[in-house]
Amino acid sequence: MELKPELLLRAYAVGIFPMAESRNDEEIHWIDPDYRGILPLETFHIPRSLRRVLRRGAFQVSCDTAFGQVIRGCATPGPGRRDTWINPTIEKLYCDLHEMGFAHSVECWRDGVLVGGLYGVALGAAFFGESMFSRAANASKVALTHLVGRLRKGGFSLLDTQFETPHLRQFGVLEIPREDYRVRLAAAVRASAQFPAELEAAELEAFLQSITQTS
């Protein structure tokens, strides 16, 4: 059966997401982990060093201007990862979701060159973070912080990271049982939120000020 974007959205709504074993693996596997990573939006933590990078404006940050480039960046092997789970079928599916208005990207640029970013899927008031990449120090971290700022501005209630990772622990990621996740998910997908493409400088500063610095 050919995998369609509509089926993908239905899977997200019940807590399932697709992955391939490798970039060259044509088979799609449906993943439903016993424990799920979430990044609470209200207690998102920004390390002190990253806060300085954000205020310095080390990158030009945009949203939904280069979705295809971002997903290709995430699909391309890089330092610390010799392969990825994003095969051509998955890449096309998410590009289709982007065209439909469900998938979004945050991009970090330096001197006109894309050096990092992330992408994910928005459904109701839930955002499902899929993957990120970085070709410059702190680029993906800046993209994540801008994503959280936009999600808070747009009224989102759930940021799903799929798994807890060492990279995400510094931002306050939690790992919760599948049953708890499904309760939060059901409430989030029934709610409404708006993914904003813009986060003005004053809004970013207010967001940074609103977060208690603990590092």
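Inside the range 88-122, residues that are among the aromatic types (Phe, Trp, Tyr), within 23 Å of ILE38 (Cβ to Cβ) and in a strand (DSSP E or B) make up a count of 1. Residue under question is THR161, and the condition is that it be within 17 Å of GLY57 (Cβ to Cβ), surrounded by 13 or more Cβ atoms within 10 Å (Cβ to Cβ) and of a type in the set (Ser, Thr, Tyr); does it hold? No: the conditions fail for THR161.
With respect to (1) over 27 Å from GLY73 (Cα atoms); (2) under 11 Å from the mean Cα position of the chain (by Cα), the lone exception for HIS146 is condition (1). Tell me yes or no: at least one residue of the range 123-131 is in contact (Cβ under 8 Å) with a residue 12 or more places away in the chain, assigned to a helix (DSSP H, G or I) and within 18 Å of the chain's Cα centre (by Cα). No - not one qualifying residue is present in the range 123-131.
Out of PRO40, PRO18, report the one residue that is surrounded by 13 or more Cβ atoms within 10 Å (Cβ to Cβ), of a type outside the set (Lys, Arg) and in a loop (DSSP other than H, G, I, E, B). The match here is PRO40. Checking the conditions here, which among ALA186, ALA206, ALA139, ALA191 is among the aliphatic types (A, V, I, L, M) and touching a Ser or Thr at 6+ places or on another chain (Cβ under 7 Å)? Just a single option satisfies the conditions, and that option is ALA191. Here are the criteria: (1) part of a helix (DSSP H, G or I); (2) farther than 27 Å from ALA193 by Cβ. Tell me which single one ALA58 does not satisfy. Answer for ALA58: the failing condition is (1). One residue stands out in the range 145-158 among those that are over 15 Å from TYR181 (Cα atoms) and either touching a strand residue (DSSP E or B) at 6+ places or on another chain (Cβ under 8 Å) or among the β-branched types (Val, Ile, Thr) (or both): the one that is surrounded by the most Cβ atoms within 10 Å (Cβ to Cβ), namely LEU147. Can you tell me which residue in the range 149-181 is nearest to ILE31 (Cα to Cα), limited to those that are in a helix (DSSP H, G or I) and of a type in the set (A, V, I, L, M, F, W, C)? Among them, the one singled out is LEU168.
Values in this text are rule-based calculations from the coordinates and carry no lab data. Nothing here was measured: the structure is a model prediction, and the numbers come from that model. We place every Cβ from the backbone using ideal geometry, glycine too, and count neighbours over all the protein chains shown.
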